[in-house]
Amino acid sequence: MAPPAGRRIGDDFVDDSDSDVSITGLEDEPSRTKSKGKGKAIDRNKKDKGKAKAKEQPYAWEASYTRSWETVQEDEAGRLEGAVQDLIARGRRRRLLAPAAAIRRTIIRHLVLVLDLSSAMMDRDMRPTRFDLMLQYAREFVTEWFDQNPLGQIGVVGMRGGLGERIGEMSGNPQDVLKAISERHKLEPNGEPSLQNAIEMARSSMSHLPTHSSREITIIFGSLTTCDPGNIHDTLDECLKDRIRISIVALAAEMKICRDLCEKTGGQFGVAMNEGHFKDLLFELIPPPAQRAVARAGGPGANPAADLMIMGFPMRLPDTSPPSLCVCHSQMKSEGFLCPRCLAKVCDVPTDCDICGLMIVSSPHLARSYHHLFPVKPYAAVMSLEDTPDPSKRCHGCSVAFRDTPSTMFGAAGEGMSPLGRYRCPECHNDFCTDCDVFVHDVVHCCPGCGK
């Protein structure tokens, strides 16, 4: 049966007599679709022209953007491996160009690591999320911090729900600190952060510390707001009185209060641009900061005040010793350390004796803390071998052969990179490769050529 007039097959629309739309016969449909397609084509051409014009006009921020991929050049074999290694070596050596003069530093450090556990940490601008990346870098930071500061202690505080939450107590054992931040289900982000509550909690945990130790607060902050119960500038004044140094690594953007906290207390402030920059900013806080001198009463030309402190070197008990009760956990254990003053048993060093209050350290820990006070002098980059009568063919540290032809790098001389891959000690005049240069200054802290 044919469909009635005014109705099309498959449609529910019925044409009434008073309708403003007149439906013509089927012969008008092809012309209508043709004109409609032509109109779409015209609009599409206009959009393409607009996109082409937008591409021709670059944005203002593109003028200051560094295109790092344009500095990578192929080698003779057409590979990029050598160029990428040069870029990595340049970044690793850049932080070695700081002056190596003897600076008064505090080797006994007390640090409170403040983690942002607000809902802003669930953003995915840093993979996988800000929260997961923060926990990963925090574990690496704690491990490296204790390796370079064996006499220090770290406590962990979280900012969540407008409150400050104590996650880990101040401890000199890296395993205790790593255990506190390893339980992810207990650190789920929610709510808003509170800088004032977190700083007050960190300040109260360091109020009993002696004057010869440093007091530092490192904050990883990912939010753009802070929910404070009072005036945070009053908290800043209290931190200045207690000589607490505050450093902040921001993940979102710069906030004026964050910069004021860092500048007035003598800390460092930085905004992470990507995952690698976030790690660089965080790991720059590992070396101990320079100590602010306190002049004696003798006048402006007097030497800074220096007080002697008492340390005890304990005797280590082997595993075969009879079990006894430790004073730190009240548990029966065989191995441990005996306090040289009161003969109390503690589990780990360095720590403070719970009975007599003596600071107990081991001699290797004390020796490893001195490399910050007497750093290795930076090696000079060798630009040419014209002044060297008999240059060595191999590295003095690892015996790897040096390259024969200099590499072409943009700005290599200005950034302290040697085109020959040679770096010479100013004391013993031995040549080292790039890897040995970084290894000596970061790990060994002693030149293998001259022993200094």
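Here are a few things to note about the model shown:
- Packing-based ranking, highest mean first, of 240-252, 148-160 given that Cβ atoms within 10 Å are counted: 148-160, 240-252
- Gyration tensor (alpha-carbon) shape descriptor, the stretch 109-288, a/c threshold 1.5: rounded
- With every protein chain in place and a 1.4 angstrom probe, the accessible-area ranking of Ile219, Ile310, largest first, reads Ile310, Ile219.
- The Lys393 and Leu366 beta-carbon pair, evaluated with R₀ = 25 Å, returns a calculated FRET efficiency of approximately 0.05.
- Projected label points at Asn274 and Arg124, each 7 Å from Cα along the beta carbon direction, are separated by 1.9 nanometres.
- Once the chain from Asp348 to Ile310 is taken as fully extended at 0.36 nm per residue, the excess over their C-alpha distance is 11.8 nm.
- Backbone N atoms of the stretch 347-368 closer than 16 Å to the 7 Å Cα→Cβ label point of Leu325 belong to residues 347, 354-356.
- Nitroxide proxy distance, nm - points 7 Å out along Cα→Cβ at Met332 and Thr225: 5.6 nm
- Cross-link pairs beyond the 30 Å C-alpha cut-off, checked among Lys179/Lys345; Lys179/Lys333; Lys186/Lys241; Lys256/Lys279; Lys186/Lys279: Lys186/Lys241
- Residue-normalised accessible area of the stretch 307-400, given per residue in Å² at a 1.4 Å probe: 64 Å²
- Among residues other than Ser334 with Cβ under 11 Å from its Cβ, the summed charge is 0 (Lys and Arg +1, Asp and Glu -1).
- Added length on full extension, which subtracts the Cα-Cα distance from 0.36 nm per residue, Leu373 to Leu385: 1.0 nm
- Label point 7 Å beyond Cα of Asp260 along Cβ direction - residues of the stretch 193-208 with amide nitrogen under 20 Å: 193-203
- Computed E for Asp237/Asp404 - FRET, C-beta separation, R0 51 angstrom, nearest 0.05: 0.25
- Neighbourhood net charge (13 Å Cβ-Cβ; Lys/Arg +1, Asp/Glu -1) for Met255: -3
- Surrounding net charge for Val112, when Lys and Arg each add one and Asp and Glu each subtract one, Cβ distance under 13 Å: 0
The values are calculated or read from the model by the stated rules, or taken from the named source; none is laboratory data. Keep in mind that what you see is a predicted model, and the values were worked out from it rather than measured. We place every Cβ from the backbone using ideal geometry, glycine too, and count neighbours over all the protein chains shown. Each accessible area value is taken on the protein alone, full model and side chains, heavy atoms only, with ligands, DNA and RNA left out. Shrake-Rupley method; radii C 1.70, N 1.55, O 1.52, S 1.80 Å.
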